[in-house]
Amino acid sequence: MSDEYTIEQELTLLEQDQMLLKDTLNDQQTKLAQAPQQEQSELLAQIQHTQRELQETENRLQHLKTQLAWSENQKNVPGPLYDTPELPLLSDTLPAFVSDIKARLVIQPSPSEVHNTQKNPLILHAPSGMGKSTIARLIAHDDPVRRNFVSGIFWISLGEEPDLVARQQHILHHLTTEPFNALDSEQGREELRSHCRGRACLIILDNAWDIRDVLAFSQLGQHCQLLITTTQKEVVEYAGHLLNGAQTYALKSLDSAQSFTLLQLRSDISKRDKAIDALVDFSRGIPTVLDLMARLLKQNVFDPETLLHQLSQQACQDLPDDHPCPLMRAMRVSVDALGDESEYYIALAVFADYNRIPLQAVFMFWHYLYHLTPDQSRDFLSKLVARGLIDTVGDVKTGVLTLQVAQHRYLVAEAEPEKLHEHLLAAYRRQCGQHGWAAGPNDGYFFENLTLHLHLSQRHRELKSLLLDFDWIYRKLSYTSLHGLLNDTAWLSETDADIARLDTALQRAADTLVKQTGDIEGIASTLLTQLWVNPSMEIQKLLNHAKEYAHDWQPPTR
């Protein structure tokens with residue numbers, strides 16, 4: 001049955017099919033009772049075929065009725081939140097269109113949305129610091145919205161160069177226990193579609209930079225919907241052509257009265273004086289600037305006059321110029337106010353995916369570089385959250401730290417990346433002991449990003465040795481994915497013949513390898529089969545190691 005129909009419509013059509021098949025079966029049985037013997041064999045075959053069709057129809061009917069009953073029952077249960085930051089402080093400065101967005105999220109799909117196999121995407125567009133992500137968080141936590149998306153609300157941070165397949169895999173991890181087999185984002189979207197069909201999911205794509213990244217999550221099902229935040233005009237323009245029914249909401253700067261209201265709400269200031277008026281003027285109505293200032297005032301880091309003086313000392317030409325100057329100046333004052341601890345914050349610039357940094361990795365790095373105990377790291381993390389400099393999701397063991405793009409830009413501008421990469425590699429090397437890189441921790445960052453840091457540190461020989469280490473290949477496949485391993489080989493596959501051959505072998509055996517996760521003998525046998533002919537000295541070392549786990553493997557006969 002086509003995905004163009006709702007469950008209710010499909011039930012109606014199937015019930016009509018059921019009646020027709022029953023009538024047909026009755027007619028055939030009547031003819032059989034009256035037919036001469038030479039015609040009975042053909043009529044019996046027709047009856048058996050009709051009975052099979054009827055049974056299949058009735059099975060599908062029962063499944064849909066169960067699904068519909070479950071759906072009706074689930075409407076009273078709020079959908080789970082996946083990786084969604086905490087509910088922000090509310091204020092009276094929210095745009096009026098927030099109510100319209102909520103209404104569009106909770107209504108049933110229209111006929112055109114059913115035809116497009118997705119509810120109309122909604123886009124929040126504005127420059128950095130205007131509160132797009134804050135509004136998206138508010139909407140995600142809204143109870144009627146959660147009750148409408150009973151299968152879950154997924155927060156996916158994109159940024160400039162997202163690993164789309166990893167993001168798709170992360171959603172599917174919450175929807176199914178089946179293995180994820182996609183090697184590219186198009187295959188990933190097909191897997192998402194197969195598992196989202198019949199589900200009600202809201203996928204929030206935060207900080208989208210490229211419409212192609214958005215398309216990797218589009219048209220997942222008639223009860224699924226996208227909420228997109230972006231600073232990029234091109235995303236909005238292309239969405240109008242490529243995403244049917246997309247509705248864009250543009251955020252504007254707050255006026256003076258709204259700015260004061262927000263500053264007062266979040267700082268607990270009791271009166272409006274010249275210094276407060278000057279801070280309001282400085283903000284240019286940018287909510288994030290007001291929020292950073294309010295937090296410093298509320299925590300008594302500065303009084304209004306001192307804060308104004310500190311802000312006035314910052315020169316725009318010394319700061320990243322791809323974000324509003326007041327935002328960057330407020331960032332610098334907030335970071336400088338950390339004192340010596342600002343180094344701990346700036347060190348976060350080393351991590352590859354600023355949208356999703358595992359707290360385990362952060363604590364390990366801070367301990368290595370600054371000798372912070374777990375308690376000290378937790379205290380400092382809480383301070384960063386209180387100052388509005390990071391967001392966190394989850395607990396210390398499994399949680400992640402997230403940075404907004406403007407925060408990351410500032411950190412990268414202030415950091416010394418080359419030194420930090422070497423420090424991070426040294427910290428992880430200590431975690432591995434005497435057993436090599438493959439013995440590193442499965443902390444959600446190490447196996448995903450080690451090759452990137454080796455590449456950025458120009459340690460290409462070490463990188464090649466790692467990629468040809470069977471223990472690394474096995475653990476990489478076990479802890480991440482074949483897609484992740486192919487991303488690793490891409491660092492050297494165009495310049496090194498051995499890595500190019502390994503990359504080709506992995507792609508050729510992809511259908512087999514994705515089914516062998518955790519099967520060390522199976523992976524070893526597959527690599528032996530793919531690489532055993534005329535191996536180089538380096539590849540022969542890999543095969544010798546693999547043979548230790550595949551004792552019964554024999555070369556295939558030609």
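Annotations
- The chain: relative contact order in percent, alpha carbon pairs under 8 Å with at least 6 residues between: 11 percent
- Among 281-289, 237-245, 224-232, the peptide with the highest mean count of other Cβ atoms within 10 Å heads the list, and the full ranking is 224-232, 281-289, 237-245.
- Residues in region 529-546 carry Karplus couplings, in order, of 4, 7, 10, 6, 7, 6, x, 6, 4, 5, 5, 4, 4, 4, 5, 4, 5, 4 Hz; the curve used is 6.51 cos²θ - 1.76 cosθ + 1.60 with θ = phi - 60°, and Gly or Pro positions show x.
- His408, His460 arranged by Cβ crowding within 10 Å, fewest neighbours leading: His460, His408
- Alpha carbon centroid spacing (whole Å) that separates region 410-445 from region 94-109: 44 Å
- Fraction of antiparallel bridges per DSSP, the chain only, in percent to nearest 5: 20 percent
- Per-residue ellipticity at 222 nm, computed for the chain from helices alone with -39500 (n - 2.57) per DSSP H run of at least four residues, works out to -17500 deg cm²/dmol.
- Protection proxy ranking, highest mean first, for peptides 17-27, 337-347: 337-347, 17-27, where packing is the per-residue count of other beta-carbon atoms within 10 Å, averaged.
- Applying a DSSP loop filter and a limit of 12 other Cβ atoms within 10 Å to the trypsin sites (Lys or Arg not before Pro) in region 473-518 leaves Lys515.
Here, each number is a calculation from the coordinates, and none is a lab measurement. In this text, all values refer to a predicted model and were calculated from it rather than measured experimentally. Neighbour counts are summed over all protein chains in view; Cβ atoms, including those assigned to glycine, are modelled from backbone coordinates with ideal geometry.
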